[in-house]
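For reference, the structure is listed below as structure tokens.
The values are calculated or read from the model by the stated rules, or taken from the named source; none is laboratory data. These figures come from a predicted structure and were not determined experimentally. So basically every Cβ, Gly included, is an ideal-geometry build from the backbone, and we count neighbours across all protein chains shown. Just the protein is used for accessible areas: all its heavy atoms, side chains included, with ligands, DNA and RNA removed. Shrake-Rupley method; radii C 1.70, N 1.55, O 1.52, S 1.80 Å.
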Amino acid sequence: MGKDVIVACDFSSADQVFEFLDKFEGKKPFIKIGMELFYAEGPAIVRELKKRGHKIFLDLKLHDIPNTVKKAMAVLADLGVDMCNVHAAGTVKMMEAAREGLKNDDGTGPLLIAVTQLTSTDQERMEKDLLIKEDMDKVVMHYAKNAKEAGLDGVVCSPHESSEVHDACGGEFLTVTPGVRFADGDVGDQVRVMTPAQAKKAGSDYIVVGRPITAAADPVAAYERCIREFVD
Ligand code: C5P
């Protein structure tokens, strides 16, 4: 599995995405489409970006009853996305259903990864709102193991958790990590960050990078810097 940089295209319209991606000329970065863009533009934006030659991580974080998730995933597989995700909190059974729904007739399908606990959920909220009394770290590793048991390809996690996830679930189990910032860049609202080079050392398989690229004066140079630090 080759390491890659996934650019989070957190824009609210197709026009903004095209204007951004046109700057890359011949290059075709792996891009992440989230809820905002997908709900604004629908499946057409996925088809168009696939047609333009991009790999796509469709970040919709499905969480529903197994049958509904399975059927929704079959629709996403038909769109030709390369990676998509679910909430591990939906249970092993739901993740197994998601996996089944994503399989093409020949057994191939997009990579499927799980969100463990959202980074916006801290220990206190987990205990008070969700009545989960274990340590956050234990919960995250338990959800990662559930994802592995359900046949998923990996998890979204902090680069700080990559090596522990690999220890618990094996080196082949993918860690897809946001929270990446350049050493000389703005941290913004991310709390525990790593540079692309540090994320590489920590064993992350993919880094998801948004504003350090999308808000850069020269987005293409920022993307190339990520590739140099993380992939090359
Ligand atoms: O702009 P920035 O680099 O912070 O963007 C990171 C991307 O990764 C955003 O699309 C954000 O929603 C997503 N993400 C995250 N933390 C998580 C899961 C997803 O920052 N735990």
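Filter the stretch 54-69 for residues that are within 19 Å of the chain's Cα centre (by Cα) and of a type outside the set (Asp, Glu) and give the result.
54, 55, 56, 57, 58, 60, 61, 62, 63, 69
Taking the stretch 56-74, which residues are part of a helix (DSSP H, G or I), touching a residue at least 12 places away in the same chain (Cβ under 8 Å), out of contact with any Asp or Glu (no Cβ under 6 Å at 6 or more places or on another chain) and farther than 27 Å from residue 177 by Cβ?
66, 67, 71, 74
What helices (runs of 4 or more DSSP H) completely inside the stretch 1-51 contain at least 3 residues that are crowded, with 19+ Cβ neighbours inside 10 Å? If you could, list the steps in order and put the result at the bottom.
Details: elements: 14-22, 35-41, 43-51.
Correct list: 43-51.
List the number of the failed condition for residue 148; all other conditions in (1) open to solvent by 10 Å² or more (accessible area, probe 1.4 Å); (2) farther than 29 Å from residue 80 by Cβ; (3) in contact (Cβ under 8 Å) with a residue 12 or more places away in the chain hold.
For residue 148, the failing item is (2).
With respect to residue 168, is the statement that it is closer than 20 Å to residue 65 by Cα and either among the charged types (D, E, K, R) or surrounded by 13 or more Cβ atoms within 10 Å (Cβ to Cβ) (or both) true?
Taking the combined requirement at face value, the residue does not satisfy it.
May I ask you to verify whether residue 11 is hydrophobic (A, V, I, L, M, F, W, C), within 20 Å of residue 112 (Cα to Cα) and under 20 Å from the mean Cα position of the chain (by Cα)?
no
Let me confirm something: among 130, 102, which residue is at negative phi, of a type outside the set (S, T, N, Q) and without any contact (Cβ under 8 Å) to a residue 12 or more places away in the chain?
Residue meeting the stated conditions: 130.
Any idea how many residues of the stretch 77-89 are open to solvent by less than 10 Å² (accessible area, probe 1.4 Å) and either touching a His at 6+ places or on another chain (Cβ under 9 Å) or part of a helix (DSSP H, G or I) (or both)?
Of the residues in that region, 2 qualify.
Given 227, 213, which one is hydrophobic (A, V, I, L, M, F, W, C) and within 12 Å of the ligand (Cβ to nearest atom)?
Checking each option against the conditions leaves just 213.
Suppose the filter is in contact (Cβ under 8 Å) with a residue 12 or more places away in the chain, open to solvent by less than 60 Å² (accessible area, probe 1.4 Å) and more than 16 Å from the ligand (Cβ to nearest atom); does residue 109 pass it?
Details: in contact (Cβ under 8 Å) with a residue 12 or more places away in the chain: yes; open to solvent by less than 60 Å² (accessible area, probe 1.4 Å): yes; more than 16 Å from the ligand (Cβ to nearest atom): yes.
Yes; evaluated as a whole, the condition is true for this residue.
Name the single residue, out of those in the stretch 115-127 being in contact (Cβ under 8 Å) with a residue 40 or more places away in the chain and polar (S, T, N, Q), that is surrounded by the fewest Cβ atoms within 10 Å (Cβ to Cβ).
Filtering first and then ranking leaves 119.
Take the residues in the stretch 171-190 that are within 14 Å of the ligand (Cβ to nearest atom) and buried (at least 18 other Cβ atoms within 10 Å of the Cβ); name whichever of them is nearest to residue 142 (Cα to Cα). Show your work before the answer.
Pass one, the stretch 171-190, residues within 14 Å of the ligand (Cβ to nearest atom): 175-182, 185-190.
When the remaining residues are screened for being buried (at least 18 other Cβ atoms within 10 Å of the Cβ), the result is 175-182.
Values: 175: 15, 176: 17, 177: 18, 178: 20, 179: 21, 180: 24, 181: 28, 182: 31 Å.
Residue satisfying both the conditions and the ranking: 175.
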